[in-house]
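One structure is given below, encoded as C-alpha cells.
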Amino acid sequence: MITIYIVRHGKTSFNAEKRLQGQLNSPLLNDGIKDATTLGETLQGINFDAIYASDLKRTKQTTQIIAKTARIKSRIQYKRSLREINYGKAAGLLKKQAKQIYPLYKKSVMFRFPKGESYADVGRRVIEFVKSLEVKKQRTVLIVTHAGCIREILHYFLKQPKNNYLQIPVSHNFIAKLVINHNKLVEHQILHS
C-alpha cells in the first residue's frame, strides 16, 4: 500500500496570461512562490519516503520551495514522465486562440496537437509512472506535477467519465491524497482544490 500526495506547481507568467504552457518554461511569479510556500506549510509533519517532480523549471522551483518549507529530507527525483502535455505547435498560444484554432482542445482526450501529444498520451505515461511506485519500498510519496497530469491521475483512480475530467479545476494550491493498494484506490481526499 502506498500513500501519494499530489500537488501542482506554483503560478507562472504563462498561467497569469492564460497561455498554453505545456512543456515550455516560464518563471514562477511572486504568487507562485507564495503558492509553493503555502503548500510546504500544509505538508509539514508528513514523513515522505520520496519526492518525485516533473523536470520542468516551474515544478523544480516549486518542489525545492516545498521541500525547504516543509523540512523534507528526501532527495528530489525529477522525472520526464511527470511533464505537462506537449502542446506542440499550439504551445504559447492564448487559450482562447487555441480553442478557436483547435475546437477539440479540452473536449476530447484523443485530440493530438500537431507535433504534440493528446491527453490520452499524457495519461499513459503518467499512470505508468504512478503504478510503478507501488512496487517500491516507499510508503508515503510526494508528486509535484502539472494540472494535466493531476487530472489524468484523478481520472484513472476515481474512474471519472472520459472527457468530463478535462474540466476539473486544479488550482496552484491543489493537494490530493490517494491511498492505493494493488493499483486500486482505497481512500482519497482533496485537501485543497
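Here each label is just a point 7 Å from Cα along the line to Cβ, and for HIS182 and MET1 those points are 1.3 nm apart.
A straight line joining the Cα centroids of the stretch 1-63 and the stretch 103-138 runs 18 Å.
When only the Cβ of Lys, Arg, Asp and Glu is charged (+1, +1, -1, -1), the dipole of the stretch 53-193 relative to its Cα centre reaches about 300 debye. For the chain, a/c is not less than 1.5, where a ≥ b ≥ c are the root eigenvalues of the C-alpha gyration tensor, and a/b does not top b/c. That puts it in the oblate class. For the stretch 101-193, the convex hull drawn through the C-alpha positions has a volume of 107 cubic angstrom per residue. Between helix 147-158 and the chain there is an angle of about 70 degrees, using the helix long axis and the longest principal axis of the Cα atoms.
Once you list every other residue whose beta carbon is under 10 Å from the beta carbon of LYS95, what net charge do they have if Lys and Arg are +1 and Asp and Glu are -1? Computed value for this residue: +4. The Cβ shell under 15 Å around HIS192 holds other residues with a net charge of +2, Lys and Arg each +1, Asp and Glu each -1. DSSP beta bridges confined to the chain are antiparallel in about 50 percent of cases.
Near the amide H of LYS79, within less than 5 Å, lie the amide hydrogens of ALA53, SER54, ASP55, all on another chain or at least 5 residues away, with H placed in the peptide plane. Relative to the longest principal axis of the C-alpha atoms of the chain, give the angle of the C-alpha long axis of helix 119-133, reported between 0 and 90° and rounded to the nearest 10°. Here the helix axis deviates by roughly 10 degrees.
Every read-out reported here was derived from the displayed coordinates using simple, explicitly stated rules and does not represent laboratory data. Just so we're clear, the structure is a prediction, and the values are computed from it rather than from any experiment. When we count neighbours, we look across all protein chains shown, and the Cβ atoms used for this are built from the backbone with ideal geometry, even at glycine.
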